[in-house]
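Encoded as structure tokens, the structure appears first; notes follow it.
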Amino acid sequence: MRKLLIPIQGDYVAPRFDLAVELLIVRFSDDGQEEPRTIIMERPSEEALCQMIVEEQVTDLVCGGIDEVHYNFLLWKKVDVIDGVIGGWCRALEKAVCGDLKAGEILLNGEGALAL
Amino acid sequence: MAADSPDLSSLLEGFPHPVMILDDSCRIITMNRLMEAITGYAIQQVAGLHGELVVRSNTGNNRGQLFMEVLRSGDPSTARGDMLTCYRRRIPIQYTISALLGKGGRRVGLMVVVEDTSATEAASSTIDDEQQANGLIGYSPAMRKVFDAIPVLAKTDASVLVTGETGTGKDRVAEVLHRKSERARFPFVKINCGALPSELLESELFGHVKGAFTGATRNKPGKFKLAEKGTIFLTEIGDMPLPLQVKLLTVLDDKTFVPVGGERELTIDVRIVAATHRPLREQVAKGLFREDLFYRLNVLHVHLPALREREGDVQYLLDHFLQKYAKALGKTVVGFSSDAVICLLGYHYPGNVRELSNIVEYAVNMSKKKKVGKEDLPPYLFEKTQVQGAASTENRQMSVQESEPMNEQSGAPDYRRQQQSWGDIERQLIVDTLKKNRGNRTKTAESLEWGRMKLWRKMQKYGL
């Protein structure tokens with residue numbers, strides 16, 4: 001069973017990992033996925049977020065922008081990080097669970113405006 | 001937007017900073033190559049996306065609030081922060097967002113300039129380098145405190161009162177506070193409140209309308225209006241006439257004023273930095289300065305120490321100004337002779353850094369050798385003169401101080417006089433002269449131009 005975390009902002013993947021306060025956590029395996037749950041953090045903090053990822057034994061992270069230090073830390077902690085994703089979290093989640101999501105992917109082609 | 005605009009792409013390439021054009025829904029229409037480089041995205045990838053998704057800043061715009069505010073108000077906006085590129089690099093930036101107007105003045109989009117400020121931030125990475133670049137030199141604990149306070153004060157928008165004796169660098173500090181603040185891109189306007197008569201000062205500060213008085217042939221914006229969004233520096237605020245103090249208080253409280261002869265109230269967004277060498281608290285007690293204005297200006301306070309309170313800084317300043325003037329005058333002067341250094345370190349500089357700078361300029365001009373000698377120093381350093389000592393703090397009274405004379409007999413300065421009583425000084429003088437004459441009382445009495453009896457009495461008095 002794998003555990004995926006996506007920092008979100010409304011319907012979208014949060015543009016920045018360090019500014020996100022809303023987190024989506026989903027457990028999934030080849031057989032399917034569980035119901036996602038959301039966590040609201042007291043305040044944005046990349047340190048607290050990294051600590052939570054480690055404590056919660058998250059195996060996969062999908063996020064928008066993340067700085068190199070925290071990216072490397074998470075890789076060192078054996079977390080699969082798919083960063084630079086721009087788009088709605090629903091599609092990002094679907095693609096991540098299927099293993100189709102790539103770093104830097106823009107999931108808004110043809111969708112027009114993105115009202116943040 | 002597209003119908004209203006000419007081809008913007010070629011225009012944007014001429015900008016020296018990353019720029020993007022957004023439509024009225026904050027979607028990217030186009031961007032220049034510098035913007036592509038800083039974000040790491042090509043325009044083909046991100047056209048139609050919300051601008052903030054691509055820039056990813058922490059300037060308080062993560063839901064596009066800044067964009068929407070500029071679209072709503074039409075007023076340009078700036079913000080500082082950092083951005084994350086697609087290469088996971090964090091870059092300090094300054095956002096400048098302006099509305100684009102279409103036909104009929106309708107706001108059809110935004111121009112967003114994302115200036116990379118990493119070069120300027122790296123240049124000012126250490127306090128020493130930073131303050132030296134700002135022309136503030138000092139390593140003494142007293143100046144360290146000032147240097148530590150400057151970045152903190154620069155980041156706030158509250159009024160600052162800078163106090164200190166004449167020549168301590170109040171103007172320099174005001175400029176640095178402006179340059180380090182969010183308002184740095186806007187004007188820094190300085191006005192001396194003690195240099196103009198009351199009526200003229202009012203017109204200078206607040207402006208006047210045409211016909212307000214004889215000779216007012218056109219509308220004139222005052223210094224407050226000229227400093228819009230920037231900083232106004234009111235130097236010698238202690239000399240401001242009382243009636244104008246009332247008007248200044250209104251500006252501080254309401255951010256509004258009426259120009260001389262005008263009817264319409266103008267609103268301004270200006271930060272005020274004031275400076276004075278006068279003891280303002282005493283001016284308040286004497287009724288020469290309004291108490292309410294004093295408290296309004298004194299929100300944040302920087303006191304610049306007098307040079308005599310800056311232990312060890314004189315040597316650094318001497319070297320700094322020597323290099324500066326030698327270079328400016330094309331001279332090959334490399335330092336000071338030891339007797340010149342003794343004189344200069346012993347002098348107590350009532351005119352502070354300005355006086356020290358003038359002394360070194362004089363000496364470099366007069367010097368004919370590689371080293372500045374004692375004979376190259378201004379003669380007044382060796383004269384016993386009465387000088388006006390300015391108050392060093394606002395709590396101190398204006399006082400008349402005696403400048404420190406040199407001991408002509410030994411050529412050495414009398415360091416001790418500042419702190420000791422006359423008795424101590426006289427005792428030390430006798431001891432020094434006895435040492436010099438190897439204990440010979442006759443020669444000592446002659447050196448001091450005393451009789452032997454007087455010397456004996458004094459030695460008895462001081463237990464020698």
From the options B:VAL360, B:VAL333, residue that is in a helix (DSSP H, G or I) and surrounded by 15 or more Cβ atoms within 10 Å (Cβ to Cβ): B:VAL360
Test: residue in region B:67-85 that is of a type outside the set (A, V, I, L, M, F, W, C), part of a loop (DSSP other than H, G, I, E, B), crowded, with 18+ Cβ neighbours inside 10 Å and at pLDDT below 85: yes
Test: residue in region B:125-139 that is touching a His at 6+ places or on another chain (Cβ under 6 Å), more than 28 Å from B:ALA79 (Cα to Cα), modelled with pLDDT under 85 and part of a loop (DSSP other than H, G, I, E, B): yes
Any chance B:GLU121 is modelled with pLDDT under 85 and in contact with a Pro (Cβ under 7 Å, 6 or more places away or on another chain): yes
Which numbered condition B:LEU34 misses (of (1) at pLDDT 85 or above; (2) over 29 Å from A:VAL21 (Cα atoms); (3) in a loop (DSSP other than H, G, I, E, B); (4) not β-branched (Val, Ile, Thr)): (3)
Residue list for region A:52-86, filter: surrounded by 17 or more Cβ atoms within 10 Å (Cβ to Cβ) and at the interface with chain B (Cβ under 9 Å from one of its Cβ atoms): A:GLY64, A:GLY65, A:ILE66, A:ASP67, A:HIS70, A:TYR71, A:ASP83, A:GLY84, A:ILE86
Selection within region B:143-164 - crowded, with 16+ Cβ neighbours inside 10 Å and either small (Gly, Ala, Ser) or at pLDDT 90 or above (or both): B:ALA149, B:ALA154, B:SER159, B:VAL160, B:LEU161, B:VAL162, B:THR163, B:GLY164
Residue within region B:29-42 that is closer than 23 Å to A:TYR12 by Cα, under 34 Å from the mean Cα position of the chain (by Cα) and without any contact (Cβ under 8 Å) to a residue 24 or more places away in the chain present: no
Every residue from region A:10-51 that is part of a helix (DSSP H, G or I), more than 13 Å from every other protein chain (Cβ to nearest Cβ) and free of Cβ contacts under 8 Å to residues at least 40 places away in the same chain: A:GLU47, A:ALA48, A:CYS50, A:GLN51
Residue that is crowded, with 20+ Cβ neighbours inside 10 Å and more than 24 Å from the chain's Cα centre (by Cα), where the choices are B:PHE233, B:PHE257, B:PHE213: B:PHE257
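The values are calculated or read from the model by the stated rules, or taken from the named source; none is laboratory data. Predicted, not measured: the structure shown is a model, and the values here were computed from it. Positions of Cβ are backbone-derived with ideal geometry, glycine not excepted, and every protein chain shown enters the neighbour counts.
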